[in-house]
Amino acid sequence: MGLLSLGTPMHWDEAKKHAHHVRTHGIIQFLNLWEATKDSQKDCLLWGDEVEYMVVSFDEETKRARLSLRVWEILQVLAKQEEDAKLDPTNKQLVDSSWHPEFGRYMLEGTPGQPYMGLPRDLLAVERNMKLRRELARKYMKPNEVPITLTSYPRLGCAGECLDPHYKPHGPAARSLFLPDEVINAHARFPTLAANIRRRRGSKVAINMPIFHDKNTPKPFIDPTIPTFDDYPEDKNAIEQGAALPDHIYMDAMAFGMGCSCLQITFQAVNVEEARKIYDQMATLGPIMLALTAAAPIYRGYLSDVDCRWNVIAQSVDDRTEEERGLKPLKDNKYRIPKSRYDSIDSYISNDPNNKPEYNDIPLIYDKDIYKKLSDNGIDDLLARHISHLFIRDPLVIFHELLNVDDNESTDHFENLQSTNWQTMRFKPPPSKTSPIGWRVEFRSMEVQLTDFENAAFAIFIVLVTRAVLSFNTNFYIPISKVDENMKVAHHRNAVLGEKFHFRKQIFPQSRPGTPATGTPSGSPRVSHATLPHLNRPAGQSQSEEYELMTIDEIINGKPSVGFPGLLGLVNNYLNTLNVDIETRCEISKYLELIKKRANGTLMTAASWMRQFVQNHPEYKQDSVVSEKINYDLMKTVEKINKGEVQVPELLGNFTV
Ligand code: ADP
Ligand code: MG
Ligand code: MG
Ligand code: MG
Ligand code: MG
Ligand code: MG
């Protein structure tokens with residue numbers, strides 16, 4: 001969840017008065033950091049994953065699965081173990097993991113204790129470490145509790161029985177009709193974040209995901225389970241008041257989104273320019289990997305017509321006012337803002353000559369004063385735009401104790417805005433002027449998978465793609481508006497097999513105009529862009545020659561007929577250039593095989609598999625309802641898969657846990 005400062009958080013009415021102060025000092029802090037670290041050079045790859053777990057508590061008597069709200073206790077033990085282990089050099093196992101709180105009081109986040117180094121043998125440590133983390137987390141849970149890596153909990157917000165212990169819905173932070181504030185992490189930052197988003201927005205967040213219409217699902221679907229309260233004006237009737245849309249699953253609190261889990265990967269680059277390049281190249285893959293990892297088809301007890309969590313989170317933290325959303329003319333606010341602060345990136349940032357100005361074709365909203373301040377201090381146009389775009393937002397949580405800090409030492413105000421711009425990619429400066437950590441990039445779109453094997457596979461695939469990108473100096477650029485189109489499509493049910501995505505056709509640098517695609521590592525001669533034929537054509541025309549609609553199978557596995565290698569082709573070519581021993585190569589191939597088969601439809605995504613599980617369940621009435629018993633059986637099955645007690649070849653292929 002980004003920075004976790006301790007202190008007394010301000011109510012929005014007060015925080016908003018300090019927004020300008022936080023932004024102003026945040027920029028000074030960034031500039032100080034920039035001066036100290038802009039020439040930082042690192043010589044090795046360091047990278048790591050973040051896996052988010054939900055703690056599910058089973059009641060075997062009543063056959064119920066609920067989310068356990070005990071995570072704070074579990075985290076405290078884990079944190080203590082981590083601290084003790086750091087002091088004890090013989091205790092190898094425990095320093096291998098690091099634990100962090102998350103938004104939900106039933107969630108925890110685990111990372112490797114140290115970033116992974118080098119390639120490719122070290123890749124084989126990834127799954128081992130993930131397994132170790134799962135075991136370690138389990139060790140401090142009650143016998144009936146299990147850590148589950150599930151992107152969205154199917155019955156979060158269902159009346160009466162989704163949480164252990166049970167609390168009645170409603171509370172002053174979220175004011176949710178479905179969830180108590182006790183679902184939110186108790187640390188003051190989190191309920192304040194939820195409350196200040198609601199206060200800034202001027203109403204509760206309204207999340208509406210299209211329902212999956214099965215044979216017996218009423219049409220139109222008007223959800224009979226939406227309660228009415230009269231504590232707050234917005235609660236009287238969510239349907240009549242227009243917050244809850246017909247034919248949609250309505251959710252009304254931040255926890256529905258930020259209570260989802262994901263799989264994130266962070267890489268350190270050798271320097272800032274390389275980080276900017278990886279950021280851009282990987283940004284184009286955000287939607288592709290979202291569709292390929294799709295794992296979130298069920299919300300608040302209903303099958304939905306989307307397979308992924310992303311838009312749910314985007315709507316769950318949408319703090320834009322009516323003016324900013326364009327529902328009212330601008331009066332008190334400065335900008336009309338097209339997107340939530342949790343959304344896809346709006347601009348490419350690399351000074352790579354392949355990054356042509358026309359690819360940044362989304363009109364970028366940015367703070368002109370901040371842009372000028374950054375430019376005046378030597379920040380180039382693309383980076384100044386990026387930062388001043390992040391800084392159109394207000395800081396949501398300000399701690400009294402941390403309002404006035406030394407801008408030479410602290411990066412708190414910068415991080416306040418940086419860490420609440422939750423986008424598909426994050427460009428991370430070194431944490432401080434003196435930190436040994438370099439410039440990093442975080443890949444954020446992937447959904448967490450049910451098993452460690454799958455999570456390791458996607459983490460390894462992504463890190464190998466970044467190596468191939470650098471080695472072959474690839475060019476994945478397409479207009480960024482097309483990446484946004486891909487992002488929308490990625491949510492569709494079964495997008496992985498049923499949809500096409502814009503993707504660049506010629507992804508290698510061309511040694512001469514018109515020469516066929518090559519896969520030679522960088523260092524091969526490149527010509528000036530002025531000699532490439534498409535530059536002489538009008539933008540619209542040249543772009544359509546540069547990219548086309550492809551299936552995910554084509555994007556991943558290639559299109560041999562036209563010499564397009566696919567991302568796996570790239571990765572395999574890259575591995576071929578290394579001296580990988582046969583055993584390691586075989587091990588890595590197992591992971592790449594999963595990616596290949598998910599992309600070509602031989603194996604199901606977790607989303608498809610869960611849909612099938614529900615639809616084949618004897619208790620399912622073909623009415624989109626995922627009942628308590630179906631949910632219990634699904635959670636039990638997921639746990640058994642992780643213990644190797646149930647085989648799911650349709651999901652994992654030959655792989656056995
Ligand atoms: P955040 O929540 O801000 O995204 P975390 O600290 O939770 O970040 O996780 C960051 C990930 O980056 C972890 O997997 C960690 O192992 C990894 N990591 C740590 N140091 C480095 C580094 N120098 N370079 C790259 N990755 C790193
Ligand atoms: Mg997290
Ligand atoms: Mg984290
Ligand atoms: Mg974080
Ligand atoms: Mg992260
Ligand atoms: Mg943006």
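Does the range 588-605 contain at least one residue that is at pLDDT below 95 and either open to solvent by less than 30 Å² (accessible area, probe 1.4 Å) or under 24 Å from Asp452 (Cα atoms) (or both)? No: the range 588-605 contains no residue that is at pLDDT below 95 and either open to solvent by less than 30 Å² (accessible area, probe 1.4 Å) or under 24 Å from Asp452 (Cα atoms) (or both).
If the condition is being surrounded by 13 or more Cβ atoms within 10 Å (Cβ to Cβ) and either without any contact (Cβ under 8 Å) to a residue 12 or more places away in the chain or among the hydroxyl-bearing types (Ser, Thr, Tyr) (or both), then the range 58-72 contributes only Ser68.
In this structure, is Phe229 under 29 Å from Glu14 (Cβ atoms) and touching a strand residue (DSSP E or B) at 6+ places or on another chain (Cβ under 7 Å)? Against the criterion (under 29 Å from Glu14 (Cβ atoms) and touching a strand residue (DSSP E or B) at 6+ places or on another chain (Cβ under 7 Å)), Phe229 qualifies.
Answer yes if at least one residue in the range 124-137 is away from ligand 4 (no atom under 16 Å from the Cβ), surrounded by 19 or more Cβ atoms within 10 Å (Cβ to Cβ) and of a type in the set (Val, Ile, Thr), and no otherwise. The answer is yes, given that some residue of the range 124-137 is away from ligand 4 (no atom under 16 Å from the Cβ), surrounded by 19 or more Cβ atoms within 10 Å (Cβ to Cβ) and of a type in the set (Val, Ile, Thr). Checking each residue in the range 624-657 for being surrounded by fewer than 14 Cβ atoms within 10 Å (Cβ to Cβ), acidic (Asp, Glu) and over 27 Å from the mean Cα position of the chain (by Cα) picks out only Glu645.
Looking across the range 142-161, the residues that are in a loop (DSSP other than H, G, I, E, B), more than 24 Å from the chain's Cα centre (by Cα), at pLDDT 95 or above and within 15 Å of Ser68 (Cβ to Cβ) come down to Lys142, Pro143, Asn144. The single condition among (1) out of contact with any Phe, Trp or Tyr (no Cβ under 8 Å at 6 or more places or on another chain); (2) open to solvent by 10 Å² or more (accessible area, probe 1.4 Å) that Asn144 does not satisfy is (1). Please verify whether Arg175 is closer than 27 Å to Leu75 by Cβ, part of a loop (DSSP other than H, G, I, E, B) and open to solvent by 10 Å² or more (accessible area, probe 1.4 Å), treating the condition exactly as stated. In short, yes. Is at least one residue of the range 103-116 away from ligand 4 (no atom under 16 Å from the Cβ), among the hydroxyl-bearing types (Ser, Thr, Tyr) and open to solvent by less than 10 Å² (accessible area, probe 1.4 Å)? Yes: one or more hits. The set of residues in the range 231-253 that are aliphatic (A, V, I, L, M) and part of a loop (DSSP other than H, G, I, E, B) comprises Ala238, Ile239, Ala243, Ala244, Leu245, Ala253.
Going through the range 95-130 one residue at a time, which ones are within 30 Å of Asn576 (Cβ to Cβ), within 16 Å of ligand 5 (Cβ to nearest atom) and either among the charged types (D, E, K, R) or assigned to a helix (DSSP H, G or I) (or both)?
Of all residues in the range 95-130, those within 30 Å of Asn576 (Cβ to Cβ) come to 112, 114-130.
Filter once more, so that each one left must be within 16 Å of ligand 5 (Cβ to nearest atom): 112, 115-116, 130.
Within the range 95-130, just Met130 meets the criteria.
Just one of the numbered conditions (1) under 20 Å from Met282 (Cα atoms); (2) away from ligand 6 (no atom under 16 Å from the Cβ); (3) out of contact with any Pro (no Cβ under 8 Å at 6 or more places or on another chain) is not true of Phe472: (3). Highlighted here would be helices (runs of 4 or more DSSP H) found entirely within the range 254-332 that include at least 3 residues which are without any contact (Cβ under 8 Å) to a residue 60 or more places away in the chain, but there are none.
Scanning the range 424-470 for residues that are open to solvent by 10 Å² or more (accessible area, probe 1.4 Å), within 12 Å of ligand 1 (Cβ to nearest atom) and not charged (D, E, K, R) yields Pro431, Ser435, Pro436, Ile437.
Only one of Ile226, Ile184, Ile222 is among the β-branched types (Val, Ile, Thr) and touching a residue at least 60 places away in the same chain (Cβ under 8 Å); which? When all the criteria are applied, what remains is Ile184.
Report whether or not Trp12 is of a type in the set (Phe, Trp, Tyr), under 27 Å from Thr266 (Cβ atoms) and either more than 16 Å from ligand 5 (Cβ to nearest atom) or in contact (Cβ under 8 Å) with a residue 40 or more places away in the chain (or both). So Trp12 fails the test.
Per the listing Leu567, Leu549, the residue uniquely at pLDDT 95 or above, hydrophobic (A, V, I, L, M, F, W, C) and open to solvent by 50 Å² or more (accessible area, probe 1.4 Å) is Leu549.
Within the range 313-353, being farther than 22 Å from Lys428 by Cα and open to solvent by less than 30 Å² (accessible area, probe 1.4 Å) holds for Ser316, Asp318, Asp319, Arg320, Thr321, Glu323, Glu324, Ile337.
The values are calculated or read from the model by the stated rules, or taken from the named source; none is laboratory data. Everything numeric in this text was worked out from a predicted model, so none of it was measured. Glycine gets a Cβ as well: all are built from the backbone with ideal geometry, and neighbour counts include every protein chain shown. Surface areas here come from the heavy atoms of the whole protein model, side chains and all, with no ligands, DNA or RNA. Shrake-Rupley method; radii C 1.70, N 1.55, O 1.52, S 1.80 Å.
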